[in-house]
Amino acid sequence: MRPAPGEVLHFSEDPAITRFEPHVAATARQPEAYVWAVDAGRAPDYWFPRQCPRAMAWVAAGTSAEDRSRILGPGDGSRVHAIEYRWLEAVRRVRLFAYRFPASAFEPFGEHGHAMVAVTPVAPLGPPEPVGDLLALHASAGIQLRVLTNLWDFVDAAAASSLGFSGIRLGNATPRRSELHA
């Protein structure tokens, strides 16, 4: 599930939204109100239940062969997503929907343009589309999906590597092992 050319997507578990109003997200690090969306490159970051903590790593310009092998592993895959076992059933069961918007209503957000934002209300181009089986979606996109007991070793290794990296909802992850034994 990716946007068509000239579109961006917003993923939601709510299939009844008819108009998106700019708001300050509960997890926001900035005070401005936005409508959030993603382009085709970042859409896979949101193939999860909203509250599911996840970490993603992918081959980027300047990725070393050593980091690629160490983090992504053998094979020709160029991207890996990681979640915790305790979220696997939610990934299997969630009913996720994609809303399509005209890309012209949005601008890149942040230094790396990892998301798209609108500062005015936006109506979807049509009704939301069911995303379907998230495990099958990952498989068909050639994205490894790792299921781990704890995300933090993967997060630390990927973030310190030359790979592209993103973590979402990490505040919902199981605490670091060191925090569990403190």
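Here is a yes/no grid of residues against (1) touching a Ser or Thr at 6+ places or on another chain (Cβ under 6 Å); (2) exposed (fewer than 14 other Cβ atoms within 10 Å of the Cβ); (3) closer than 19 Å to PRO53 by Cα:
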{"residue": "ASP67", "(1), (2), (3)": "yes, no, no"}
{"residue": "ARG70", "(1), (2), (3)": "no, yes, no"}
{"residue": "PRO74", "(1), (2), (3)": "no, yes, no"}
{"residue": "HIS81", "(1), (2), (3)": "no, no, yes"}
{"residue": "ARG93", "(1), (2), (3)": "no, yes, yes"}
{"residue": "LEU96", "(1), (2), (3)": "no, no, yes"}
{"residue": "LEU125", "(1), (2), (3)": "no, yes, no"}
{"residue": "VAL155", "(1), (2), (3)": "no, no, yes"}
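Quick one: count up the residues across segment 52-105 that are under 29 Å from SER162 (Cα atoms) and among the basic types (Lys, Arg).
So the count comes out to 5.
Could you go through segment 137-160 and let me know if any residue there is of a type in the set (Gly, Ala, Ser), farther than 27 Å from VAL59 by Cα and touching a strand residue (DSSP E or B) at 6+ places or on another chain (Cβ under 8 Å).
No, the conditions are met nowhere in segment 137-160.
Yes/no per residue for (1) modelled with pLDDT of 95 or more; (2) of a type in the set (D, E, K, R):
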residue: ARG93; (1), (2): yes, yes
residue: PHE97; (1), (2): yes, no
residue: PHE101; (1), (2): yes, no
residue: GLN144; (1), (2): no, no
residue: GLY164; (1), (2): no, no
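Give segment 86-113 a look and list any residue that's among the basic types (Lys, Arg) and under 22 Å from ASP39 (Cα atoms), or say none.
Listed by number, the residues that qualify are ARG95, ARG100.
For segment 47-84, what are the residues that are assigned to a helix (DSSP H, G or I) and either aliphatic (A, V, I, L, M) or under 12 Å from the mean Cα position of the chain (by Cα) (or both)?
ALA65, ILE71, LEU72, listed by residue number.
Quick check, is ALA40 loosely packed, with under 13 Cβ neighbours inside 10 Å, under 19 Å from the mean Cα position of the chain (by Cα) and more than 25 Å from ASN150 (Cα to Cα)?
So ALA40 fails the test.
Which residue pairs have Cβ atoms under 8 Å apart, sit 6 or more places apart or on different chains, and have a first residue in segment 49-63 that is on the phi > 0 side of the Ramachandran plot and a second that is assigned to a loop (DSSP other than H, G, I, E, B)?
GLY62/SER162
The values are calculated or read from the model by the stated rules, or taken from the named source; none is laboratory data. Model, not experiment: these values are computed from the prediction. Here Cβ is always computed from backbone atoms with ideal geometry, including for glycine, and neighbour counts include all displayed protein chains.
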